[in-house]
Amino acid sequence: MKAALLPSPAHQAAPKPLLKWAGGKTQLLGEIIPKIPQNYSRYIEPFFGGGAVFFSLRPDKAIIADNNPELINLYQTVADDVDGVIAKLRQYENTEDSFYAVRAQDWTKLSCAEASARTIFLNKTCYNGLYRVNKSGGFNVPFGGYKNPKITDEVSLYAASALLRRSTIICGDYKRVLQENARQETLFFLTHLICQSQSTPISNDIPKNSSTKRIILSLPLR
Ligand SMILES: C[S@@+](CC[C@H](N)C(=O)[O-])C[C@H]1O[C@@H](n2cnc3c(N)ncnc32)[C@H](O)[C@@H]1O
């Protein structure tokens, strides 16, 4: 793991989501956070997306997971090599030509830092911060044409990196994540599942012998 280069003040800033993400819970934090109990030993968020609740709670011990490998590459790389991501981000320009050239790249063929920077750059400069891919996995949201998007937010990246470094980051399906990690006194944040499938009993996905404390917040899908 490479150490971050910036001095301490940037590390002390409050971490916040690195991406705008469909279904993100930033607008609902005022409703969600007061409902979360104080006494849990671990936090698990298996539909992580932009991770608004995680970045607000800043748990000491967390498992964050998602089945989107591009997204998980971003979080793992910001944890392990935030300087590399920042260096790549600084090379981008908010022009239409640059946007479409970067969009045409296959992220799986790039280094981890380049792929992460690409994900952030496209999120900040595409239309409405949408994430949408075609059947072959190619990002297909058009250029946003915004005047001054903050492409390289170093303070947020360093703050997120410090928090992500103390978390376990998994790329995988929520069922595996729950089956392998459900233990006592774990707090789950599971809104995506509840919203997507109101009829799926969540307890089917958690081992029967686990006496896990479950907190399920049922919120409308946004
Ligand atoms: C609505 S977003 C989560 C929003 C997030 N909680 C927030 O506050 O920003 C849903 C996420 O679940 C992920 N996802 C969808 N199906 C999944 C599955 N079967 N297993 C794991 N993750 C999944 C998607 O990739 C997406 O990032």
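All of the numbers you see were taken from the coordinates with simple rules; none came from a lab. Bear in mind that the values here come from a model prediction, so they are computed numbers and not experimental data. Note: ideal-geometry Cβ built from the backbone for every residue, glycine included; neighbour counts use all protein chains shown.
List residues of region 106-140, by number, whose backbone nitrogen lies under 17 Å from a label position 7 Å along Cα→C-beta of Glu96.
Residues 125-128 qualify, since their backbone N sits under 17 Å from the label point.
Within region 83-116, which residues have the backbone N less than 15 Å from the label spot 7 Å out from Tyr146 along Cα→beta-carbon, could you tell me?
93-96, 99, by backbone N distance to the label point.
Roughly speaking, what is the stretch gain from Glu31 to Asp60, that is 0.36 nm per residue apart minus the C-alpha to C-alpha distance, in nm to one decimal?
Gain on extension, Glu31 to Asp60, equals 8.3 nm.
Longer than 30 Å from Cα to Cα, which of Lys35/Lys88; Lys35/Lys147; Lys25/Lys150; Lys25/Lys135; Lys61/Lys135 are they? Say none if no pair is.
Long pairs (Cα-Cα over 30 Å): Lys35/Lys88; Lys35/Lys147; Lys61/Lys135.
May I ask you to order 126-135, 105-114, 41-50, 157-166 by the average number of other C-beta atoms within 10 Å around their residues, highest value first?
Highest to lowest by the protection proxy: 41-50, 157-166, 105-114, 126-135.
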